[in-house]
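To keep things clear, I will list the structure first and then write my remarks on it.
A short reminder: the numbers here are calculations on the coordinates, not readings from a lab. Please read all numbers here as calculations on a predicted model, not as lab measurements. Cβ sites come from the backbone with ideal geometry, for glycine too, and all protein chains shown count toward neighbours.
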Amino acid sequence: MLNVNGTRYLTTAETAERLGLSAGHLRNQRSDGRSPLPFVRIGPSVFYAEADVIRLAEERNR
């Protein structure tokens, strides 16, 4: 997890775990341009805002 200016960011692995997906699935979505989540790339690492992950998880559970 990364914390920047009060915003918490999750790694791809952490995001995948929270959403019940594989990290590979998230990577494929990013490379295909169909990721349902905005992401930030810092060097070779990719991070997702925790608030966006929570929002998506809630939408999927409705």
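Can you list the residues, at least 5 places off or on another chain, whose amide H is less than 5 Å from the amide H of VAL46, using H built in the peptide plane?
Those qualifying (amide H under 5 Å, at least 5 residues apart or on another chain) are THR12.
About the Cα centre of the chain, what is the dipole size in debye to 20, counting +1 per Lys and Arg Cβ and -1 per Asp and Glu Cβ, all else neutral?
Numbers: 9 positive and 7 negative charges, 25 e Å.
With Lys and Arg at +1 and Asp and Glu at -1, about 120 debye.
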